[in-house]
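A.B. asks: Before we start, here is the structure in question, set down as structure tokens.
The values are calculated or read from the model by the stated rules, or taken from the named source; none is laboratory data. These figures come from a predicted structure and were not determined experimentally. Every residue, glycine among them, receives a Cβ derived from its backbone with ideal geometry; neighbour counts consider all protein chains shown. Side chains included, ligands, DNA and RNA excluded: accessible areas come from the protein's heavy atoms. Shrake-Rupley method; radii C 1.70, N 1.55, O 1.52, S 1.80 Å.
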Protein chains: 2
Amino acid sequence: MVKIAVDMMGGDHAPNIVLEAVEKAVHDFEDLEILLFGDETQCHINHPRVHVHHTTEQISMEDEPVRAIKRKKDSSMVKMAEAVKNGEARACVSAGNTGALMSAGLFIVGRLPGVQRPALVVTLPTVQGKGVVFLDVGANADAKAEHLYQNALLGHIYAQNVREISQPRVALLNIGTEAQKGNALTKQAYALLQASDSLHFVGNIEAKTILEDEADVIVTDGYTGNMILKNLEGMAKSVGKIIKGTLMSKLKNKLALLVMKNDIKGLAKQLDYSEYGGSVLLGLDGVVVKAHGSSNAKAFYSAIRQAKIASETKIVETMREKVGENNG
Amino acid sequence: MVKIAVDMMGGDHAPNIVLEAVEKAVHDFEDLEILLFGDETQCHINHPRVHVHHTTEQISMEDEPVRAIKRKKDSSMVKMAEAVKNGEARACVSAGNTGALMSAGLFIVGRLPGVQRPALVVTLPTVQGKGVVFLDVGANADAKAEHLYQNALLGHIYAQNVREISQPRVALLNIGTEAQKGNALTKQAYALLQASDSLHFVGNIEAKTILEDEADVIVTDGYTGNMILKNLEGMAKSVGKIIKGTLMSKLKNKLALLVMKNDIKGLAKQLDYSEYGGSVLLGLDGVVVKAHGSSNAKAFYSAIRQAKIASETKIVETMREKVGENNG
């Protein structure tokens with residue numbers, strides 16, 4: 001039985017989408033037990049493997065992360081993280097305030113020994129559909145070269161365990177493919193990665209080929225990674241608007257788009273990274289999954305499934321062993 | 001009469017596309033004179049306002065930038081830059097090796113007094129079609145906060161003169177819109193920009209809304225800017241591939257796309273930043289325009305026109321006055 005703690009109150013559409021996702025998850029996975037934290041008066045689920053723990057406080061999207069975690073002791077997010085810390089649950093999932101969840105991970109769940117800075121990882125959809133593990137997308141905005149090296153180790157283990165890629169190709173995101181390219185940070189990180197025996201380092205990768213299946217893991221700092229992630233998100237929306245504005249102004253185009261409607265939907269699904277679940281905070285003494293704030297029930301369900309897989313494949317145990325060792 | 005120096009030998013399709021662009025430019029603009037540097041045996045143009053200067057060396061895409069500029073003294077790029085330095089031409093245009101052109105700008109044309117680091121600027125297409133001035137896209141990968149502040153001044157002047165926006169809204173590219181967001185660099189830059197009387201600073205902008213017309217000038221460091229530019233380039237290509245792979249596999253979709261063909265082309269044109277000319281190296285004692293390496297004749301023509309406008313509107317003179325003053 002895998003026990004996962006879930007924050008019922010986080011995200012734009014809580015608690016409804018959370019409850020719907022939890023019901024589907026315990027229905028689909030017979031070895032799954034959910035510890036649900038939130039306002040019990042809003043919870044209608046009655047299931048032997050769903051245990052509701054009533055909480056009285058809630059962390060909002062506007063709350064200052066560290067202060068919220070330190071002060072709102074009876075919030076659903078804090079209680080959920082404590083369940084991981086004290087061993088009641090193997091993993092936790094929340095669609096709430098990202099900064100607060102990172103703080104909860106850092107201050108409540110705690111770092112693994114040897115990990116200097118946790119990293120937030122996502123899986124991006126790619127052209128061939130294999131997907132690529134991308135980190136850090138925002139945990140550590142002022143990274144040093146050794147943090148990027150650790151990100152590479154964490155990403156490598158994540159790709160092996162969760163994505164089942166036996167020998168993941170690890171690349172460094174940079175502004176040129178040649179070894180001497182980049183800023184001071186990427187030049188130093190390149191040297192560390194190049195010298196490593198633990199990784200299959202394939203060199204630099206440019207932002208224009210992120211989605212081209214040239215690597216299985218792409219490493220960057222939290223500032224650049226967050227920037228790229230938001231750029232990918234925004235581009236899709238902006239291009240959508242431009243298409244609507246120009247193409248949809250003509251009837252013949254409207255009809256043509258109608259013909260392709262279902263295939264375009266399929267395409268959007270292939271490009272929708274919520275299909276790959278949420279982002280995972282790596283380097284902690286437990287699995288912490290962040291579902292997108294605007295998650296629907298399906299995306300939250302994917303995040304629960306992702307937390308379950310990460311727990312079962314023992315990524316935390318592997319990271320404790322391998323990352324601690326590499327920093328020995 | 002505006003005199004512009006042109007590198008005949010730079011870029012993937014030189015000299016043919018350069019010659020075609022030059023012919024069209026002198027035809028369209030009666031007050032334009034071109035100093036053309038390159039292999040005269042390959043030049044067929046016979047026009048009273050095109051003066052060919054024979055050169056014997058060529059800088060390739062593979063050449064190490066600084067070394068190439070220092071050693072290949074009789075190359076078309078070096079001679080073109082020298083024409084700006086000694087006052088024979090007001091501006092220069094090349095589609096050659098970007099790094100070498102930046103070095104030629106720095107070591108031959110020279111920095112303006114008070115400018116610490118030149119910046120490379122592009123104009124990106126936007127949703128409403130207004131376009132946005134974006135810098136630095138690669139001149140200075142390890143920027144300090146005061147460099148970002150100077151980039152803001154340079155971008156402000158560029159937007160006023162070349163894009164004719166009287167009071168440009170200047171934004172700082174960052175990983176959150178709130179003032180306290182970002183890495184150490186953007187937090188410091190925010191404070192400098194916020195305190196400035198010379199700029200209409202509108203705060204942070206996220207990478208997801210770059211194309212949404214929220215600002216007229218967006219400022220970032222050369223590492224991040226280059227990353228974002230390449231990501232925008234690459235995304236379009238990757239999505240194109242995915243569309244081809246899925247949509248085009250069905251006959252009905254092929255037919256539907258055929259109906260929209262012309263409008264899609266128009267759309268691609270709206271999103272094609274080569275329509276806005278090349279990138280410009282700002283902060284130098286002359287106008288240096290970089291046309292895209294894969295430019296066709298139309299893109300190179302746009303770059304020449306852009307160099308002409310920049311010369312006529314005296315951006316160099318304004319930058320000498322305003323940027324020098326702000327660093328007094």
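A.B. asks: Quick check: Cα centre of segment B:178-222 to Cα centre of segment B:1-48, how many Å?
C.D. replies: 39 Å
A.B. asks: Taking N as the number of residues in segment B:14-71, what is its Cα Rg relative to 2.2 N^0.38 Å?
C.D. replies: Here the answer is 1.30, to two decimals.
A.B. asks: Of B:K265/B:K290; A:K250/B:K265; A:K187/B:K144; B:K24/B:K265, which pairs sit farther than 19 Å apart, going by alpha carbon to alpha carbon? Kindly include the intermediate steps, with their values, before the conclusion.
C.D. replies: Working: B:K265/B:K290 25 Å; A:K250/B:K265 15 Å; A:K187/B:K144 17 Å; B:K24/B:K265 23 Å.
Violating the 19 Å limit, Cα to Cα: B:K265/B:K290; B:K24/B:K265.
A.B. asks: Mind listing which trypsin sites (Lys or Arg not before Pro) in segment A:124-205 are in a DSSP loop and have 16 or fewer other Cβ atoms within 10 Å? Don't jump to the answer; show the numbers that get you there.
C.D. replies: Values: sites: A:K130, A:K144, A:R163, A:R169, A:K181, A:K187; in loops: A:K130, A:K144, A:R163, A:K181.
Counting only loop positions with at most 16 other Cβ atoms within 10 Å, the trypsin sites (Lys or Arg not before Pro) in segment A:124-205 are A:K130, A:K144.
A.B. asks: Could you state the accessible area per residue of chain A in Å², with a 1.4 Å probe and every protein chain left in place?
C.D. replies: Values: 13400 Å² over 328 residues.
Accessible area per residue, chain A: 41 Å².
A.B. asks: With a/c under 1.5 counting as rounded, go ahead and sort segment B:89-240 into rounded, prolate or oblate using the C-alpha gyration tensor (a ≥ b ≥ c being the square roots of the eigenvalues; past the cut-off, prolate if a/b is larger than b/c, else oblate).
C.D. replies: On the way: a/c = 1.40, a/b = 1.14, b/c = 1.23.
Here segment B:89-240 falls in the rounded category.
A.B. asks: Ranked highest first by average number of other Cβ atoms within 10 Å, how do A:171-179, A:77-85, A:240-248, A:113-121 line up? Before the final figure, lay out the partial values.
C.D. replies: Numbers: A:171-179: 20.3, A:77-85: 25.7, A:240-248: 14.9, A:113-121: 22.1.
Per-residue mean Cβ counts within 10 Å order the peptides as A:77-85, A:113-121, A:171-179, A:240-248.
A.B. asks: Restricting to DSSP loop positions (anything but H, G, I, E, B) with no more than 11 other Cβ atoms inside 10 Å of their own Cβ, which GluC sites (Glu not before Pro) remain in segment A:83-165?
C.D. replies: Numbers: sites: A:E88, A:E146, A:E164; in loops: A:E88, A:E164.
For GluC sites (Glu not before Pro) across segment A:83-165 that sit outside H, G, I, E and B with at most 11 neighbouring Cβ atoms in 10 Å, the list reads A:E164.
A.B. asks: Mind running the shape call on segment B:1-100? Use the C-alpha gyration tensor, a ≥ b ≥ c as the square roots of the eigenvalues: rounded below 1.5 for a/c, prolate if a/b tops b/c, oblate otherwise.
C.D. replies: Details: a/c = 1.96, a/b = 1.51, b/c = 1.30.
Taking the square roots of the gyration eigenvalues as a ≥ b ≥ c, segment B:1-100 is prolate.
A.B. asks: Between Rg and the Kirkwood Rh of segment A:24-177, both from Cα atoms, what is the Rg to Rh ratio?
C.D. replies: Values: Rg = 17.9 Å, Rh = 17.8 Å.
Reported Rg/Rh, Kirkwood definition of Rh: 1.01.
A.B. asks: Let me ask something else. Determine the equivalent ellipsoid of the protein assembly as shown by diagonalising the alpha-carbon gyration tensor, then write out the semi-axes as square roots of 5 times the eigenvalues, largest first, rounded to whole Å. All intermediate terms of the calculation are to be shown ahead of the outcome.
C.D. replies: Working: eigenvalues 481, 142, 107 Å².
Taking √(5λ) for each eigenvalue gives 49, 27, 23 Å, largest first.
A.B. asks: Same structure, new question: Give the average, rounded to an integer, of partner chain Cβ atoms located within 10 angstrom of each Cβ in B:238-250.
C.D. replies: On the way: counts 11, 7, 1, 4, 9, 5, 1, 5, 7, 5, 1, 1, 3.
Mean shielding by partner chains, rounded to a whole number: 5.
A.B. asks: Next question, about the same structure. Using the Kirkwood radius over Cα pairs, work out the Stokes-Einstein diffusion coefficient for segment A:170-328 at 20 °C and 1.002 mPa s, in µm²/s as a whole number.
C.D. replies: Details: Rh = 18.9 Å.
D, rounded to a whole number, is 114 µm²/s.
A.B. asks: Which residues belonging to segment A:162-192 lose at least 30 Å² of 1.4 Å-probe accessible area when the assembly is complete, relative to their chain isolated?
C.D. replies: Listed in order, they are A:I175, A:N183.
A.B. asks: Could you run the numbers on buried accessible area between B and A, total for both chains, 1.4 angstrom probe, in Å² to the nearest 100?
C.D. replies: On the way: alone 15690 and 15670 Å², together 26810 Å².
By this definition, chains B and A bury close to 4600 Å².
A.B. asks: Would segment A:224-269 count as rounded, prolate or oblate if I go by the C-alpha gyration tensor, calling it rounded below 1.5 in a/c and otherwise prolate when a/b exceeds b/c, oblate otherwise?
C.D. replies: On the way: a/c = 6.82, a/b = 1.92, b/c = 3.55.
Oblate, since a/c reaches 1.5 and b/c is not below a/b.
A.B. asks: Just need the relative contact order of segment B:173-294 here, percent rounded to a whole number, with Cα pairs under 8 Å and 6+ apart. Before the final figure, lay out the partial values.
C.D. replies: Numbers: 68 pairs, mean separation 17.4, N = 122.
The normalised contact order for segment B:173-294 reaches 14 percent.
A.B. asks: For chain B, what D do you get in µm² per second when you plug the Kirkwood radius from alpha-carbon pairs into Stokes-Einstein at 4 °C and 1.567 mPa s?
C.D. replies: On the way: Rh = 20.5 Å.
Translational D for this selection: 63 µm²/s.
A.B. asks: Another question, then. Excluding same-chain residues fewer than 8 positions from B:K244, which aspartates and glutamates have a Cα within less than 18 Å of its Cα?
C.D. replies: Result set, ordered by chain and number: A:E212, A:D213, A:D263, A:D272, B:E233, B:D263.
A.B. asks: Over all Cα pairs of segment B:283-327, how is the pair count split among 5 Å bins, expressed in % and running from 0 up to the last occupied bin?
C.D. replies: With a bin width of 5 Å, the distribution comes to 5, 22, 23, 18, 14, 10, 6, 3.
A.B. asks: While we're looking at this one, here's another question. Of the heavy-atom accessible surface of the protein assembly as shown (probe 1.4 angstrom), what whole percent is carbon and sulfur? If you can, show how the numbers build up before the last one.
C.D. replies: Numbers: 13210 of 26810 Å².
Carbon with sulfur: 49 percent of the solvent-accessible area.
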